[in-house]
């Protein structure tokens, strides 16, 4: 029997722990044979429309240490700003991916297509962005942030979500910067003066 919603209590959260990859990304660790491929290995299929891009970055803690055991999930629209299941959505864009940092270097990499401007719930167009969910040892509740793009200045200025960031100088912490054509860099800082903007979702 389903409980009434007002009787349900929030379950306590806990850190992802050092072994989250074993259950979520066994092939990434070399534990093959359980699944043909890990879930979310790519947010797109062959034939996806739009500009193919590669984003690399690190997750850095308050002491300046690079987290080498971080796992990240991403969610995005297609190049036209449609999410999977919406009318007109690109069937070759799943929108969701799961990836992890390299245990030796601490760098993570996302190969995807640059998303278009999707509408916010109020109908205003958001800037092109990729939503991220971040978990690692010591993070008790998964962190939510976004990758926006520094080369989308007009869209960034008109984005209703970025407009809600109170301290405007911190919007820079959400911007990926082009390092070469089709290649971007985006570091995530958990604490400190350069702390990335995180969203309470």
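The numbers here are math on the coordinates, done by the rules we state, and not lab data. Since the structure is predicted, the reported quantities are computational estimates derived from the model, not experimental observations. Here Cβ is always computed from backbone atoms with ideal geometry, including for glycine, and neighbour counts include all displayed protein chains.
Taking residue 188, is it surrounded by 13 or more Cβ atoms within 10 Å (Cβ to Cβ), under 24 Å from residue 119 (Cβ atoms) and touching a residue at least 24 places away in the same chain (Cβ under 8 Å)?
Numbers: surrounded by 13 or more Cβ atoms within 10 Å (Cβ to Cβ): yes; under 24 Å from residue 119 (Cβ atoms): no; touching a residue at least 24 places away in the same chain (Cβ under 8 Å): yes.
So residue 188 does not fit the description; no.
With the requirement that a residue be assigned to a loop (DSSP other than H, G, I, E, B) and in contact with a strand residue (DSSP E or B) (Cβ under 9 Å, 6 or more places away or on another chain), what does the stretch 72-86 give you?
77, 78, 79, 81, 82, 83, 84
Checking residue 31 against (1) surrounded by fewer than 17 Cβ atoms within 10 Å (Cβ to Cβ); (2) within 30 Å of residue 194 (Cβ to Cβ), which single condition isn't satisfied?
Failing condition for residue 31: (2).
What residue, among those in the stretch 112-128 that are touching a strand residue (DSSP E or B) at 6+ places or on another chain (Cβ under 9 Å) and surrounded by fewer than 16 Cβ atoms within 10 Å (Cβ to Cβ), is nearest to residue 44 (Cα to Cα)?
119
Collect the residues in the stretch 84-100 that are farther than 14 Å from residue 132 by Cα and crowded, with 16+ Cβ neighbours inside 10 Å, keeping them in residue-number order.
Listed by number, the residues that qualify are 84, 89, 90, 93, 94.
Answer yes if at least one residue in the stretch 51-71 is surrounded by 15 or more Cβ atoms within 10 Å (Cβ to Cβ), part of a loop (DSSP other than H, G, I, E, B) and at positive phi, and no otherwise.
no
Given the criteria under 22 Å from residue 194 (Cβ atoms) and either in contact with a strand residue (DSSP E or B) (Cβ under 7 Å, 6 or more places away or on another chain) or surrounded by fewer than 18 Cβ atoms within 10 Å (Cβ to Cβ) (or both), does residue 131 qualify?
So residue 131 passes the test.
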